[in-house]
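The values are calculated or read from the model by the stated rules, or taken from the named source; none is laboratory data. The shown structure was predicted, so the numbers you read here are calculated from the model rather than taken from an experiment. Here the Cβ is made from the backbone with ideal geometry for all residues, glycine too, and neighbour counts use every protein chain on show. To get the accessible areas, we keep the full protein, side chains included, count just its heavy atoms, and leave off ligands, DNA and RNA. Shrake-Rupley method; radii C 1.70, N 1.55, O 1.52, S 1.80 Å.
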Amino acid sequence: MILETTYSSKENKKTISSLVGKPFSFYQALKMNGIGSKRMIINDVSPNLRKYLNVVSDLNYGSIELRPRGILLTINKGLRNFTWIIPYYQFYMYKTNGVSIHAQGKFVHFKNNRTHKENRSFFTKLTLLKAAYDERFPHVDTI
């Protein structure tokens, strides 16, 4: 699900909280050494996400916020913000000359550059949270 989050609204907060959980508390965020990535350059997106990118040849930026049951991937289009809500059970991440986030039949590929290298510890933290979630709520029952 993608929401326009340029301006905060109670409906958007309620929807986001129901899908991926409430934000981590200030203490938890400090303990985790941050819950947000630095902004990264978007290299490519799936065709159904193209309408959320800048039309002109500007760079497109995105960032990721961690939540207890998923992530929020924010795409900046000019002065507007669009947030893609991805629960962990739908989330897949691939490292292919950068990082590619896949879910719900869509994907966003972030460029492999200096900002990507600065986010290396963030992606490690994201992988650990996803693994912990999969361990608690496995997709397939092992018999």
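A few remarks follow.
- Approximating the spin labels as points 7 Å out from Cα along Cα→Cβ, the Asn112-to-Val56 distance works out to 3.1 nm.
- Summing charges over neighbours of Ser25, with a neighbour being any other residue whose Cβ is under 13 Å away from its Cβ, gives +3 when K and R count +1 and D and E count -1.
- In degrees, nearest ten, helix 10-20 long axis to first principal axis of the chain (Cα): 50
- A dipole drawn for segment 54-143 from +1 and -1 charges on Cβ atoms has a positive end, and of Ile101, Tyr88, Asn113 the residue lying farthest that way is Asn113.
- Whole-percent carbon and sulfur share, accessible surface of the chain, 1.4 Å: 55
- (1) 111; (2) 126; (3) 99, with the label sought being that of the calculated volume of the Cα convex hull per residue in Å³: (2)
- Among His116, His102, the sequence by solvent-accessible area, most first, with a 1.4 Å probe is His102, His116.
- Helix 120-136 axis, angle to the chain major axis (alpha carbon atoms, nearest 10°): 40
- In this view, the solvent-accessible surface of Glu4, computed with a 1.4 Å probe and all protein chains in place, comes to about 80 Å².
- Chain lengthening between Lys13 and Arg80 when straightened (0.36 nm per residue, less Cα-Cα): 22.4 nm
- Residues of segment 14-38 with amide N under 20 Å of the 7 Å Cα→Cβ point at Ser121: 24-38
- Take segment 10-90 with all the other protein chains still there, run a 1.4 Å probe, and you get 59 Å² of accessible area per residue.
- In Å², nearest 10: area of Ile101 left accessible to a 1.4 Å probe: 0
- Placing a pseudo-label 7 Å from each Cα along the Cα-to-Cβ vector at Ser100 and Ile41 gives an inter-label distance of 1.9 nm.
- Reachable lysines, given that their alpha-carbon falls under 23 Å from the alpha-carbon of Lys22 and they are not under 8 places away in the same chain: Lys10, Lys13, Lys14, Lys31, Lys38, Lys125, Lys130
- Accessible area of Val55 (1.4 Å probe, protein heavy atoms only, ligands and nucleic acids ignored): about 140 Å².
- GNM flexibility winner over the chain from Gly78, Gly62, Gly70 (Cα, springs under 10 Å): Gly78
- In the chain, helical runs assigned H by DSSP with n ≥ 4 each contribute -39500 (n - 2.57); averaged across all residues and rounded to the nearest 500, the mean residue ellipticity at 222 nm is -8000 deg cm²/dmol.
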